[in-house]
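Shown next, in structure tokens, is the structure this report addresses.
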Amino acid sequence: MDISGVDVAHTDEVLIGGAFRPATGESYTVTAPSTEQLVTEVRQPSVADAIAAVDAADSARQMWARTPLAERIAATARWFELVDARSAESDVVWAVEAGMPLRHGRALHRFGTTAAWRSALDGAEAVLRERRDRSELGDILLRREPVGVVVAILPYNGPVVTIASKVVPALLAGCPVVIKAAPESHLTMAVVADCALRAGFPAGVVNIVCGPVEVGKALTRDPRVDMVSLTGGHTAAQDVLAATHGRYARTQLELGGKSPALILDDAPLDRTLRALVPGATNGAGQVCALLSRILVSEHRHDEVVEQLRAGWERLRVGDPLDPKTHVGPLINEAALRRTEDFVAKAAADGAQLVTGGKRPTHLDAGWFHEPTLFTHVSEDSDLVQREVFGPVTAVQVYRDLDDAVRLANATAFGLSGAVFTADTTLGIEVASRIRSGAVAVNSFGPAMSAPFGGVGASGWGRESGPEGILGFTELKQILVGAA
């Protein structure tokens, strides 16, 4: 199948047990968010396919756990090399089916996928090394053993980078994995699945299905699944918890955020905006770690907001296949309606519209929305307390530094954040006061080569980096007494 010049194979198949087989579920219409036009029809997996994927993973659990770490590293490295070689192709396919601009895909691959994958490969041997201690009862061996079969649930807004941050660490830990990806990334995952097969994993170690909610629920409810790692929203998280708590299966939840960007009074605005504009608008707002709240002081408010306005209005909205496009469409019409509802409610509640707020007038089709900026947004506003997952940013005004920190922490979320200042030492001090899994100083993140995850309503557990491997292991103590 040709998708904008990319040959995509296996679109009606699933990767299970080391081979592609026909999917047995319903057909699914792939629609381009930028044009609202049909791209193709594909076949989705069924619940039976999901069960077969767990069968394959369960059959491979002992074999993969006993496979020497060097061989696990080698197979996972081959997969990365193949994915990396086809990154330009997968960026095009992702732009077509999910509307993510080429420049966004390229940046995410370079700074996200590559960083996460390589850091896990480079650090696996050190974090999984057996430790030896002594005690009054004898020698103690401490071993990291794989938790078992893992189900990894991926989002449409970053399927390949999420493989690097959660699937790769699980594989290196010795866990066979069933990947359940979103329907909106069906074609992208077909490219990734082809690379997985060519990498030569043993049968059952990597299984990939890309289907509806019912498939995910069947996977999480299967008693042979030992751990579920989810990147998604609160509804999906509640489903995972309901499905797993009775059997005490492990969970790792990377959920949403309302991440604050604190602009301190000494921050140079030109440098700040170079990081803040993309950090607040990437992916048309469909990024969980986005800097969706900007906190400024009362006396710098007007100056900062005017600079923000200029930055927002320079963004190019349009065709995601155009390398010059900054902001593409939202994923579907429902996401666009949701964004419009947030904008309407913010205006009704008294927030002041700075720029944006509507569909672009130069685009006749597609689920586009202008990058939108509101100021004087109240602390209890939905723009502050709820995740929009669209290109809408809220400016809040603080009185002093303590008030800025208070506002930063005044949501249930705690995923990411940033502090902009000319004083790096002060920036680090302020970052340490923000309740969040990651905070950047004079930048935006997170760095995917290091552990990342949320607190509070943003979830629990950490993925990425060498330490991310440990989340997929159990620590075993072996006490060795005298013979």
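Summary table below
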{"item": "Qualifying residue in region 423-438 (condition: closer than 26 Å to residue 98 by Cα, in contact with a helix residue (DSSP H, G or I) (Cβ under 8 Å, 6 or more places away or on another chain) and not charged (D, E, K, R))", "result": "no"}
{"item": "Options 81, 125, 145: the member that is part of a strand (DSSP E or B) and either among the charged types (D, E, K, R) or out of contact with any Pro (no Cβ under 9 Å at 6 or more places or on another chain) (or both)", "result": "145"}
{"item": "Only one of 96, 42 that is buried (at least 16 other Cβ atoms within 10 Å of the Cβ), at pLDDT 95 or above and within 19 Å of residue 179 (Cα to Cα)", "result": "42"}
{"item": "Hey, residue 57 farther than 21 Å from residue 90 by Cα and either among the hydrophobic types (A, V, I, L, M, F, W, C) or assigned to a helix (DSSP H, G or I) (or both) or not", "result": "yes"}
{"item": "Evaluation of residue 64 against (1) closer than 19 Å to residue 147 by Cβ; (2) surrounded by fewer than 24 Cβ atoms within 10 Å (Cβ to Cβ) (one fails), failing number", "result": "(2)"}
{"item": "Residue in region 458-469 that is β-branched (Val, Ile, Thr), outside the structural domain of residue 124 (by TED's automatic domain parsing) and surrounded by 23 or more Cβ atoms within 10 Å (Cβ to Cβ) present", "result": "no"}
{"item": "Only one of 204, 138, 200, 174 that is surrounded by fewer than 22 Cβ atoms within 10 Å (Cβ to Cβ) and at pLDDT 95 or above", "result": "200"}
{"item": "Long-range neighbours under 6 Å by Cβ, at least six apart or interchain, first residue under 29 Å from residue 12 (Cα atoms) and touching a residue at least 12 places away in the same chain (Cβ under 8 Å) within region 49-69, second hydrophobic (A, V, I, L, M, F, W, C) and in a helix (DSSP H, G or I)", "result": "50/215; 50/218; 50/219"}
{"item": "Residue in region 210-228 that is surrounded by fewer than 18 Cβ atoms within 10 Å (Cβ to Cβ), touching a Pro at 6+ places or on another chain (Cβ under 7 Å) and either in the same structural domain as residue 183 (by TED's automatic domain parsing) or closer than 13 Å to residue 153 by Cβ (or both) present", "result": "yes"}
{"item": "Only one of 419, 377, 395 that is surrounded by 22 or more Cβ atoms within 10 Å (Cβ to Cβ), of a type in the set (Val, Ile, Thr) and more than 22 Å from residue 266 (Cβ to Cβ)", "result": "377"}
{"item": "Among (1) of a type in the set (Ser, Thr, Tyr); (2) in the same structural domain as residue 175 (by TED's automatic domain parsing); (3) closer than 16 Å to residue 258 by Cβ - the single one residue 436 does not satisfy", "result": "(2)"}
{"item": "Flag if residue 273 is touching a helix residue (DSSP H, G or I) at 6+ places or on another chain (Cβ under 6 Å), part of a helix (DSSP H, G or I) and surrounded by fewer than 23 Cβ atoms within 10 Å (Cβ to Cβ)", "result": "yes"}
{"item": "Long-range neighbours under 7 Å by Cβ, at least six apart or interchain, first residue farther than 30 Å from residue 94 by Cα within region 109-132, second in a helix (DSSP H, G or I) and of a type outside the set (A, V, I, L, M)", "result": "126/466; 127/466; 127/467"}
{"item": "Hey, residue 360 more than 15 Å from residue 98 (Cα to Cα) and not in a helix (DSSP H, G or I) or not", "result": "yes"}
{"item": "Checklist (1) crowded, with 17+ Cβ neighbours inside 10 Å; (2) closer than 26 Å to residue 103 by Cα applied to residue 85, failing item", "result": "(1)"}
{"item": "Region 2-34, subset over 18 Å from residue 46 (Cβ atoms) and of a type in the set (Gly, Ala, Ser), residue surrounded by the fewest Cβ atoms within 10 Å (Cβ to Cβ)", "result": "5"}
{"item": "Residue count, region 412-440 (criterion: in a loop (DSSP other than H, G, I, E, B) and in contact with a Gly (Cβ under 8 Å, 6 or more places away or on another chain))", "result": "12"}
{"item": "Restricting region 30-54 to residues that are out of contact with any helix residue (DSSP H, G or I) (no Cβ under 7 Å at 6 or more places or on another chain) and in a strand (DSSP E or B), the residue that is nearest to residue 220 (Cα to Cα)", "result": "43"}
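The values are calculated or read from the model by the stated rules, or taken from the named source; none is laboratory data. Every value quoted in this text rests on a predicted model; they were computed, and no experiment measured them. We place every Cβ from the backbone using ideal geometry, glycine too, and count neighbours over all the protein chains shown.
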